[in-house]
Amino acid sequence: MAIGSTRLEGKIALVTGTTGGIGVEIARRLAQEGASVVVTDIAGAPVAEFAEGLGGTGTHSHSALDVALESDWECVVAEVADRYGRLDVVVNNGAIGSLETVVDETREKYDQVIAVGQTGTWLGMKHAGALIERSGGGSVVNMCSILGTVGGLGNSVAYAAAKGAVRTMTKNAALHWAQRGVRVNSIHPGFIGTAQLKERHEGSERHRAMLANTPMGRLGQPEEVAAAVAFLAGDDSRFITGTEIYVDGGWTCA
Ligand SMILES: NC(=O)c1ccc[n+]([C@@H]2O[C@H](COP(=O)([O-])OP(=O)(O)OC[C@H]3O[C@@H](n4cnc5c(N)ncnc54)[C@H](O)[C@@H]3O)[C@@H](O)[C@H]2O)c1
């Protein structure tokens, strides 16, 4: 599907974590395909500016939203209901990571990673998913990872725990909503060359391991993840629920 298609015209989509490398591209792609996008992030100020420059034909808006706080979800979902009267798509993208191993991870960091990546995704489904159901149906897209499915490089234990839960919660919620019009799917990126990832890892042993373990021999691009989100967001995927799409250059088939 060429960018610039209008397959999301008329849809209202909420995306979390839209100051990060992948969230920015998801919001842009949904806007380019005609959606009105509610861009949200724990960092409120940058999303205000971002929403203004999004383009497309939709009416965009922005809100500060810490996905780990239920009160934030309640507020933002009420704002969306007031402003647009409906919600068609939520992309639970915001998350934090930690590189520590099973023995080196601290209790504090473990709890933070779970609170944002796992509990935040559940709260997004609970509150935004419920508004989608009240709107007559739509799509929930949960950002997972290859680390929700396989062991990766043998570190990032808290992140793997959070993403493993996202993977199974996705299927659980898909069954709950299967006959109520709400589809729920997960996207599993491999290593994506966001500015932040390049800044942290380019040239390191970890970076070499990412490339060596990716059959296609390169990092993915945020736009390639966004394209998969747009497919799951729209009606082209109307008979797809509870499944997982890997955007990983072949990592998980090796
Ligand atoms: N970059 C990769 O290689 C990769 C690979 C697999 C999966 N992912 C997943 O893709 C998603 C986006 O990753 P990214 O690379 O853009 O990461 P990133 O760190 O650049 O962006 C994460 C975003 O989440 C936001 N965020 C952090 N805590 C939050 C909170 N409590 N509430 C709301 N927002 C919060 C950040 O402000 C940021 O905008 C994440 O779910 C990540 O786990 C990324």
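The values are calculated or read from the model by the stated rules, or taken from the named source; none is laboratory data. Worth saying up front: this structure is predicted, and the values here are computed from it rather than measured. Backbone-built Cβ (ideal geometry, glycine too); neighbour counts: all protein chains shown. Ligands, DNA and RNA are stripped out before the accessible areas are found, and what is left, the full protein with its side chains, is counted by its heavy atoms. Shrake-Rupley method; radii C 1.70, N 1.55, O 1.52, S 1.80 Å.
Table for the structure above
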| read-out | value |
| --- | --- |
| Residue-count net charge about L65 - beta-carbon cut-off 9 Å; Lys, Arg +1, Asp, Glu -1 | -3 |
| Accessible area per residue, Å², the chain with all protein chains present, probe 1.4 Å | 45 |
| The chain - mean residue ellipticity at 222 nm from DSSP helices (-39,500 (n - 2.57) per run, n ≥ 4, rounded to 500) | -11500 deg cm²/dmol |
| Rel. contact order, % - alpha carbon contacts under 8 angstrom, at least six apart, segment 53-170 | 32 |
| 13 Å cut-off, amide nitrogen to a point 7 angstrom out along L153 Cα→Cβ, residues in segment 200-226 | 200-214, 219 |
| In order through segment 93-110: 3J(HN,Hα) via Karplus (6.51 cos²θ - 1.76 cosθ + 1.60), integer Hz, x for Gly, Pro | 9, x, 6, 10, x, 7, 8, 5, 7, 4, 8, 8, 4, 8, 4, 4, 5, 4 |
| Stretch gain in nm, segment A64-A45, where the contour uses 0.36 nm per residue and the Cα spacing is subtracted | 6.1 nm |
| Area of E100 that stays accessible when all protein chains are in place (1.4 Å probe, Å², to 10) | 80 |
| Percent RCO, i.e. relative contact order, over segment 108-163, from Cα pairs under 8 Å lying at least 6 residues apart | 50 |
| The chain: Lys pairs at Cα distance under 21 angstrom, eight or more positions apart or on different chains | 5 |
| Distance from segment 68-91 to segment 209-247 (C-alpha centre basis), Å | 26 |
| Candidates T170, T106, T16: whichever shows maximal mean-square fluctuation once the chain is modelled as a Gaussian network with Cα springs under 10 Å | T106 |
| Charge dipole (debye, nearest 20) of the chain; +1 at Cβ of Lys and Arg, -1 at Cβ of Asp and Glu | 640 |
| Zone residues, segment 24-43, relative to E9, backbone N less than 17 Å from point 7 Å out along Cα-to-Cβ | 30-37 |
| Segment 208-254: chymotrypsin sites (Phe, Trp or Tyr not before Pro) in DSSP loop, at most 10 other beta carbons within 10 Å | F239 |
| FRET efficiency estimate (nearest 0.05) - Cβ-Cβ, A254 to K109, R0 22 angstrom | 0.15 |
| Neighbourhood charge, 14 Å Cβ-Cβ cut-off, centred on L147 and excluding it, Lys, Arg +1 and Asp, Glu -1 | -1 |
| Most mobile of L87, L153, L54 in a GNM of the chain (Cα contacts under 10 Å) | L153 |
| Equivalent ellipsoid dimensions for the chain as semi-axes, Å, which come from the Cα gyration tensor, largest first | 28, 19, 18 |
| Mean Cα-pair separation over length for the chain, i.e. relative contact order, pairs under 8 Å, 6 or more apart, % | 19 |
| GNM top mover of V150, V184, V113 - the chain, alpha-carbon springs below 10 Å | V150 |
| Carbon and sulfur %, accessible surface of the chain computed with the full protein complex present, 1.4 Å | 51 |
